[in-house]
Amino acid sequence: MKDTLKTIRETKPLIHHITNWVTIYECANMTRAFGALPVMAHAPEECADMTKISSALVLNIGTLTSEIIDSMLLSAAAANEKKIPVVLDAVGVGATKFRDEMAAKILGSVHIDIIKGNYSEIAKLAGENEETKGVEATSINADPEKVAKAFAKAESCIVVMTGKEDIISDGNRTFIVKNGHELMGSIVGTGCMAASIIGSFASVNPDYCDAAKDALCYFGVAGELAAAKSNGPGSFKVYLYDEVFNLSDEKVKSMRNVEER
Amino acid sequence: MKDTLKTIRETKPLIHHITNWVTIYECANMTRAFGALPVMAHAPEECADMTKISSALVLNIGTLTSEIIDSMLLSAAAANEKKIPVVLDAVGVGATKFRDEMAAKILGSVHIDIIKGNYSEIAKLAGENEETKGVEATSINADPEKVAKAFAKAESCIVVMTGKEDIISDGNRTFIVKNGHELMGSIVGTGCMAASIIGSFASVNPDYCDAAKDALCYFGVAGELAAAKSNGPGSFKVYLYDEVFNLSDEKVKSMRNVEER
Amino acid sequence: MKDTLKTIRETKPLIHHITNWVTIYECANMTRAFGALPVMAHAPEECADMTKISSALVLNIGTLTSEIIDSMLLSAAAANEKKIPVVLDAVGVGATKFRDEMAAKILGSVHIDIIKGNYSEIAKLAGENEETKGVEATSINADPEKVAKAFAKAESCIVVMTGKEDIISDGNRTFIVKNGHELMGSIVGTGCMAASIIGSFASVNPDYCDAAKDALCYFGVAGELAAAKSNGPGSFKVYLYDEVFNLSDEKVKSMRNVEER
């Protein structure tokens with residue numbers, strides 16, 4: 001495992017987000033806690049210019065509109081040209097026809113380097129016949145590892161399926177990250193934060209599969225450490241930020257819980 | 001009193017919000033802390049579809065635009081058709097002509113099941129001649145209980161007036177909820193959170209007057225418990241989330257402070 | 001030094017914000033913690049009306065769009081006419097051409113009473129040839145005090161440059177505020193909060209240079225007190241709100257660290 005956290009803190013990569021209005025602060029704040037620099041900019045007049053000075057682009061369709069999707073396409077095209085990683089957090093895919101169509105439009109128009117979602121969102125994106133309840137993780141009927149692997153191959157990208165265990169696949173290698181704690185699901189935004197962290201890690205590690213896997217380990221370890229001190233979602237969020245801030249590559253090396261399949 | 005909290009945690013109802021950009025995260029996070037599933041979606045292309053898979057709709061005009069109002073009308077019509085409860089938080093009514101007009105437009109176009117506001121907002125909505133200072137609760141000249149009761153009757157809905165004491169009326173029954181703590185007013189968003197909680201309770205209790213009254217008891221009890229440990233608004237917000245998460249129907253039964261008039 | 005905090009808490013001025021979607025909650029919540037009343041309203045149909053009942057206007061271009069800029073111009077014109085202070089937080093100026101143009105459009109169309117930014121943002125606004133990395137404070141080549149002083153003279157306004165040391169100038173008087181703590185930079189939004197606090201102080205103190213200087217002292221003192229108890233950005237933010245809430249004019253008088261040059 002590389003000393004990615006050290007690299008992020010030394011190089012302070014700029015992570016451009018076009019994201020949802022619910023967790024936008026938490027995404028920015030968590031990016032900062034890891035040592036990277038968040039920037040949020042969605043105006044069509046400037047979004048591509050902002051991407052051009054950034055080291056990664058994180059897209060999240062949680063509160064999408066057709067105008068926001070247009071801005072995402074402008075920025076993703078700029079990111080593709082600059083060859084910086086583009087992360088798509090497919091929030092709520094499967095919940096409405098509009099979300100499904102807009103996600104398909106993104107995947108059909110630009111190259112996404114890392115597609116992230118919960119089990120049902122990724123299954124739906126991959127064409128499996130699954131139901132989504134709002135924007136929440138649910139179990140799926142299909143074998144999630146097979147779905148991740150096949151979808152990664154089909155899209156020539158990294159697929160990240162988050163849940164009790166996180167699955168990361170590039171179509172050949174598949175990792176299962178078992179770090180994390182159920183309290184992470186007790187607050188809104190940990191999924192969105194994970195996309196920001198993946199973007200931050202991928203901005204300094206050209207092996208995006210490795211970067212995504214590491215990002216979830218680091219975040220999961222911080223979650224475990226925070227949960228041990230917490231009495232509920234209020235104190236958990238406070239400790240989560242403190243633990244991320246005080247995380248080190250060494251600490252994560254000793255606590256990571258990853259399996260390669 | 002029903003074991004509503006237990007029911008929410010077991011059934012995890014989806015609570016669709018079209019709300020303001022200031023407290024959107026806190027509304028989602030508090031909904032989650034109570035055990036329901038928040039979803040925020042305002043695009044006109046999908047908002048009605050999202051309502052159709054939800055168990056309640058919460059509207060909040062805190063940072064309204066005419067486009068957002070149009071989406072609210074689409075979603076409220078879908079909610080009316082599906083017969084799920086619609087909560088309107090009339091934030092800032094009385095502060096500008098535009099707010100007054102848009103609130104009137106909503107009330108004239110769709111059926112709102114529960115109208116919530118502070119004393120001056122409800123008085124203004126009800127046609128009383130009152131002044132609002134920005135979006136803040138202020139005392140009013142009229143008798144608030146009479147205003148609530150008459151307005152509930154006129155609109156065939158539940159009226160919730162929040163303040164030092166909360167007034168809930170269906171036009172016949174009127175409840176006064178005395179739970180709560182002044183520190184709840186020291187942070188931004190507790191009023192908006194209350195609307196989310198009312199929506200969550202009404203999603204599993206067809207007696208909306210009872211649901212609204214219970215929601216404010218539960219939230220008020222959590223506020224009292226949190227305040228006892230707090231040194232200011234920072235720690236209060238942390239404890240508030242922890243206390244909500246650790247709340248039980250039994251705890252609230254022993255601490256509720258409600259009067260029926 | 002005036003007892004400005006006491007005055008804010010007694011008069012509860014309404015502070016109208018048209019701001020970014022990232023830190024909008026934190027701006028509102030910090031305004032409240034100081035004792036003022038925040039209101040956020042950006043619809044073109046009502047923004048000027050909201051300004052007319054307010055005591056200060058705070059503009060922040062962090063997630064600007066051309067529509068938001070139009071609303072800012074409407075509100076700033078209303079504020080100019082009412083002679084209430086207008087604060088502009090020039091977030092990200094220098095990062096994209098669009099931001100530079102929009103900031104120039106604001107400065108060319110309405111009178112800004114207090115222009116705030118980090119060293120590189122103000123230098124860029126003032127026509128210095130500097131580079132901005134996203135929306136983050138960076139050191140500049142020019143002498144920051146000279147830049148602040150000259151720019152304040154040119155624009156007939158107060159210039160606030162924030163950084164390790166804050167510089168406040170009206171073109172004649174220049175203050176250096178040394179209060180504050182590096183943990184303030186570990187969370188997103190302290191810069192935006194500072195603009196809200198400056199607006200709150202200027203709403204009750206017609207000497208805007210004095211108000212801006214005081215605002216940064218008060219906030220910096222709270223930051224120092226909070227930092228002494230914190231283990232990272234999570235706990236720091238909690239303590240920061242508690243310390244602001246428990247601040248007094250006397251406490252700040254004994255801890256302020258300001259130099260006049």
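Each reported figure results from applying straightforward, stated rules to the coordinates on display, with no laboratory input. Only a predicted model underlies this, so the values are computations on that prediction, with no experimental measurement involved. Don't worry about glycine lacking a Cβ; one is built from the backbone with ideal geometry, like all the others, and counts go over all protein chains shown.
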Cα gyration tensor of the range A:1-151 - equivalent ellipsoid semi-axes, whole Å, descending: 26, 19, 14
Long-range amide H partners of A:His17 with built H, under 5 Å: A:Val39, A:Met40, A:Ala41, A:Val58
For the range A:137-261, the spread of Cα positions along each principal axis, largest first, Å: 42, 33, 22
Förster radius 45 Å - calculated FRET efficiency between C:Asn129 and B:Glu101 (Cβ-Cβ, nearest 0.05): 0.40
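If the limit is 29 Å between Cα atoms, which of C:Lys116/C:Lys251; B:Lys2/B:Lys153; C:Lys97/C:Lys178; B:Lys237/C:Lys6; A:Lys6/A:Lys83; A:Lys229/C:Lys116 go over it?
Values: C:Lys116/C:Lys251 26 Å; B:Lys2/B:Lys153 25 Å; C:Lys97/C:Lys178 32 Å; B:Lys237/C:Lys6 24 Å; A:Lys6/A:Lys83 23 Å; A:Lys229/C:Lys116 39 Å.
Over 29 Å apart, Cα to Cα: C:Lys97/C:Lys178; A:Lys229/C:Lys116.
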Efficiency of FRET between A:Lys82 and C:Glu10 - r from beta-carbon atoms, R0 56 angstrom, step 0.05: 0.55
Inter-chain Cβ neighbour average for residues C:42-55, partner chain, 10 Å: 5
Interatomic Cα distance distribution for the range A:161-208, bins of 10 angstrom, percent: 23, 52, 24, 2
Volume in Å³ per residue [convex hull over Cα atoms, computed for the range A:194-259]: 91 Å³
Per-residue average of Cβ from other chains inside 10 Å of B:161-167: 0
Convex hull projection area averaged over all views, the protein assembly as shown, Cα basis, nm²: 29.3 nm²
Label-reachable residues, the range C:202-225, where backbone N falls under 19 Å from a point 7 Å from C:Asp249's Cα toward its Cβ: C:202-222
Loop-located GluC sites (Glu not before Pro) in the range C:222-261, at most 11 other Cβ atoms within 10 Å (DSSP): none
Relative packing of C:159-172, A:87-100, A:2-15, which averages over residues the other C-beta atoms within 10 Å, highest first: A:87-100, C:159-172, A:2-15
Inter-chain Cβ neighbour average for residues C:62-71, partner chain, 10 Å: 3
Cα centroid separation - the range A:116-130 against the range A:182-242, whole Å: 22 Å
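Among the DSSP beta bridges whose two residues both lie in the protein assembly as shown, what percent are antiparallel, rounded to the nearest 5?
35 percent
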Rounded to the nearest 20 debye, dipole of the range C:83-184 from Cβ charges on Lys, Arg, Asp, Glu: 240 debye
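Quick one: pull the percentage of alpha-carbon pairs in chain C with a separation above 29 Å.
Roughly 22 percent, rounded to a whole number.
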DSSP beta bridge pairing in chain A, given as percent antiparallel to the nearest 5: 35 percent
